[in-house]
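Let me begin by presenting the structure, written as structure tokens, before commenting on it.
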Amino acid sequence: MHEDHEKNRRDWRIPDELWERIVPLLPLRKLHPLGCHRPRVEDRTAMDAIFFVLRTGCQWNALKETGICSSSSAHRRFQEWTEAGVFLALWQSGLGAYEALKGIDWEWLAMDGAMTKAPLGGEKGGQASDRSREDWGQAQPPHRGRRRAHRPRRRGGQSA
């Protein structure tokens with residue numbers, strides 16, 4: 001198992017060139033006032049873990065199985081660095097580098113997104129639907145009749 005963890009650390013390590021661009025963007029490390037806590041995970045190891053989560057889409061808690069870094073350390077550092085603007089600065093730096101290398105055509109832009117129903121519903125009484133209630137269901141094959149509403153079963157001995 002130890003060999004698998006070492007392989008994960010090597011395979012998912014961000015390239016040295018990228019790391020060199022990230023280092024100046026990182027805030028100074030804060031030392032604990034009492035010096036009594038375990039030493040912090042190295043910044044590069046934490047960044048490797050963060051990029052692993054971003055590239056694979058795995059949950060933070062899955063990091064412990066990779067052996068790269070603990071999920072709590074990686075997530076804490078992600079929150080610190082997000083608040084400090086590290087990822088925004090990295091994105092801006094990348095845009096600047098691409099602009100210098102290839103140029104960005106600012107005349108043509110695209111945005112990706114999705115519109116879904118709010119999970120908790122939101123306010124009632126919005127716009128009226130453009131479809132009738134009958135159109136909400138899927139089309140039924142011609143040999144099938146319309147479905148009936150579910151009726152609860154009657155318990156034994158009860159009559160209508």
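Provide the per-residue ³J(HN,Hα) series for the stretch 53-60, in order, calculated from phi with Karplus coefficients 6.51, -1.76, 1.60 and θ = phi - 60°, each as a whole number of Hz, with x at glycine and proline positions.
Along the stretch 53-60, the couplings run 5, 5, 7, 8, x, 6, 6, 4 Hz.
Sort Cys58, Cys69 so the one with the fewest other Cβ atoms within 10 Å of its own Cβ comes first.
Ordered by Cβ neighbours within 10 Å, fewest first: Cys58, Cys69.
Report the relative contact order of the stretch 37-96, percent, no decimals, based on alpha-carbon pairs under 8 angstrom and at least 6 residues apart. The partial results should precede the final answer.
Values: 35 pairs, mean separation 16.5, N = 60.
After rounding, I find 28 percent.
For the stretch 60-121, give the magnitude of the charge dipole about the Cα centre (Cβ charges: +1 Lys/Arg, -1 Asp/Glu; no others), in debye to the nearest 20.
The dipole of the stretch 60-121 has a size of about 320 debye.
Using +1 at the Cβ of each Lys and Arg and -1 at the Cβ of each Asp and Glu in the stretch 20-67, identify which of His37, Val23, Cys58 lies farthest towards the dipole's positive end.
Farthest along the dipole direction, towards plus: His37.
What is the stretch 59-116 by shape, rounded, prolate or oblate, if you read a ≥ b ≥ c off the alpha carbon gyration tensor as root eigenvalues and call it rounded for a/c under 1.5, prolate for a/b larger than b/c, and oblate otherwise?
prolate
The numbers here are math on the coordinates, done by the rules we state, and not lab data. What you see is a predicted model, and the numbers here were worked out from it, not measured in a lab. Please note: Cβ atoms are built from the backbone with ideal geometry, for glycine as well, and neighbour counts cover all protein chains shown.
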